[in-house]
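Everything below concerns the one structure shown next.
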Amino acid sequence: MDNKQLGNKIIELVGGEENVNSLVHCATRLRFKLADNSKAEQDTLKDLPDVLTVVEKGGQFQVVVGNKVGKVYTEIMNNHSISAGDGGNNQENKSKEKVGVVSRVFEYISGTFSPLIPALAGAGMIKALLAVLSLLNWIDVEGTTYAVLNAASSGLFYFLPIFVGISAAKKLNANPFVGGTIAAGLLDPNFTALLASTGDVSFMGIPLVMSDYASTVFPLLIAMAIYAPIERIVKRYTPDTIQLFFVPMIGILVMVPLTALIFGPFAQYISAGIGSGITFLLDLSAIVTGILIAAIWPFLVILGVHWGIVPIMIDNFSRGGDIIGPITAAATFAQMGIAFGIFLRAKNNKDLRSLSFASTLSGVFAGVTEPILYGLILRYKKLMPLVLIAGAIGGAIVATFDVRVFGFVFNSFLTIPAYSPMIGYIFGVGAAFVAATILAFIFGTEGKKKGIEPEAETKAEMKMEETPAMTEKDVKERNELTTPLTGEMIPLENIDDPVFSSGAMGKGVAIEPSDGVVVAPFDGKVVTIFPTNHAIGLVSETGVELLIHIGLDTVQLEGKHFTAHVEAETVVKKGQKLVTFDIEGIKQAGYQTTTPVVITNTAEYLDVLPTDSRHVVLDDAIITVVK
């Protein structure tokens, strides 16, 4: 169908123009704000030949149509009465607010914890290492060496409120160090000494409900949500000459007592209540509780709301250990088992076998299973019930053994020693992995003699099956593409965006930039550059079509922090400056700068082969395209 027909069909399937509050587009997606997302027919949309996938994220309903998105958007706006951007009437805005509240809460929690994940994972791995060394009697648990290493692994968790205060304030565009200072006040020895007081503890005559705030996160999440607007109000009415000290002083002076009096006890009660609820369910039936938590976990990850559970897990560390994490580990290992089972089964499909093997390794050694979820389980829907069954089996076993964890770790084979009792954990996650492997091997998507199932077959795979096996003689040319940015190269499947990580837009790599300059990786032409300057499409002289998408969801910055140095149809030479961008400004606005570099006409090539991930500088090869 042409672009006009496609636009009309998309509007029909999202519930009609009366269900559309507003519409914008980025490099690959139509981003709808719908009055009611349930009216959209997702499965039918995904079946349209020109729609790559559909994603609900950040309060938006995103329809991915690839490079033709600009033309489809123009046809929609020309033929329908729809507000562009974030506009809309008051009633529509009310609807958006209703739809977006939960999404904004989880986005706030996710944005707060994302920068802390490397530190949390690193400290958690040290805990796991200490557990292994202790188990093997290779270290004296009473010695000073153990004490130093234990401090290295535990210090972050004890002072976690400070880091949460910094990160949450930064996420809300408030002063991050004032946020950390507010948290530090609750950990000061003069304050914590009040816990041991036998007399009345009060502030200005108001009784204080004392709590130990070490290793907690909820009090600071609530406190920063209140502090950020207070800071903006105080700053607005404070003369510039005294803002430097007056605004932070008022923030600290108001928020430390308020947190101690109200937000802290409230958050502690809520967290304790949730923990008690889970304990109550475990007492009723550990098996049922394990099944329920393990079964819903993949859906929480897909929706991106699993971050809302992480603070509960962390709070549980100081309450006898956390059981939610070990149960969810069963779901994680079930996903690994699904990928491994597909790898064993998919003997006749090189691409699927490669994807499943790489995804298995990502889960086994790093506990990262998003490539499995988005690249396999969501792509081949018959795998979903298999992963739920296997996860539920493992979750029931883990809950029955009452397995606990006392630090933040990713669920991988390397962190097994962090769980106690370890034998119960091994039985549980082992059962989940083995069950998933067997189920995927028997009922999976790729038969031993049959080709890949039609529902998931890409155009490229169809072409491969319709032609004889290619040999080296059939390879007409190999093109090496150099990096357009300096930074850390990472596998595309590991980034936090299901459209790019699943390969729906094509194969490629991602770069975590250390320098805010994008250059042309080859001689060619600029096909398109988006009005917000966050994404640019190129075509090489040999026909390679390349999309460079600076950051994730950065279209919402509306061009802020980006400067284009070329226009559409500009002929460019390799190394020519295309776009510059402010890395720190983008991060402070709450967005990731991870940049997908994708071959959008992947289907026209025999293969697209990324090089090994590493630090790359301009002129380093990152992709080989085989014609």
request  = Amide H neighbours of Asp620 under 5 Å, at least 5 residues apart or on other chains, H built in the peptide plane: list them.
outcome  = Thr483
key: Ranked packing of 567-576, 550-559, most packed first, by mean Cβ within 10 Å   = 550-559, 567-576
key: Restraint check, Lys171/Lys235; Lys39/Lys507; Lys171/Lys560; Lys71/Lys525, Cα-Cα greater than 24 Å   = Lys39/Lys507
request  = Kyte-Doolittle cut-off -1.0, length cut-off 18 Å along the helix's own axis using Cα: show which whole DSSP H helices in the chain pass.
outcome  = 90-113, 117-135, 144-158, 218-236, 243-258, 264-284, 286-303, 324-345, 350-366, 383-400, 422-443
Ordering of 424-431, 390-397 by burial proxy (mean other Cβ atoms within 10 Å per residue, highest first) = 390-397, 424-431
note = Between Asp2 and Leu284, the two model label points (7 Å from Cα along the beta-carbon direction) sit apart by a distance in nm of 6.0 nm
task = Could you tell me the distance between the Cα centroids of the range 121-165 and the range 542-601, to the nearest Å?
result = 41 Å
query = What number, rounded to the nearest 500 deg cm²/dmol, is the helix-based mean residue ellipticity at 222 nm of the chain, given -39500 (n - 2.57) per DSSP H run of at least four residues and division by all its residues?
reply = -15000 deg cm²/dmol
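Of the beta bridges DSSP finds with both residues in the range 3-88, what % are antiparallel, to the nearest 5? Display every interim value, and only then the final one.
Numbers: 14 of 15 bridges.
Of all bridge pairs located within the range 3-88, approximately 95 percent are antiparallel.
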ask   = Taking H as built 1.01 Å from N, whose amide H comes closer than 5 Å to the amide H of Asn601, not counting residues under 5 places away?
value = Glu545
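What is the packing order of peptides 37-45, 257-265, taking the mean over residues of other C-beta atoms within 10 Å and listing the highest first? All intermediate terms of the calculation are to be shown ahead of the outcome.
Numbers: 37-45: 14.7, 257-265: 19.9.
Listed from highest to lowest mean packing, they are 257-265, 37-45.
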task = Evaluate E = 1/(1 + (r/R0)^6) for Thr624 and Trp138, where r is the Cβ-Cβ distance and R0 equals 51 Å; express this FRET efficiency to the nearest 0.05.
result = 0.70
ask   = Between Leu578 and residues 5 or more places away or on another chain, which pairs have amide H atoms under 5 Å apart, with H built 1.01 Å from N, and which residues are they?
value = Val518, Val519, Ala520
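Going by how many other Cβ atoms sit within 10 Å of their own, how do Met249, Met384 line up, fewest first? It would help to have the intermediate numbers written out before the result.
On the way: Met249 13, Met384 16.
The order, fewest Cβ neighbours first, is Met249, Met384.
We did not get these values from a lab; they are worked out from the coordinates using the rules stated. Fair warning: this is a prediction, and the values are worked out from it, not measured in the lab. Because the Cβ atoms are built from the backbone with ideal geometry, glycine has one as well, and the counts that use them run over all protein chains shown.
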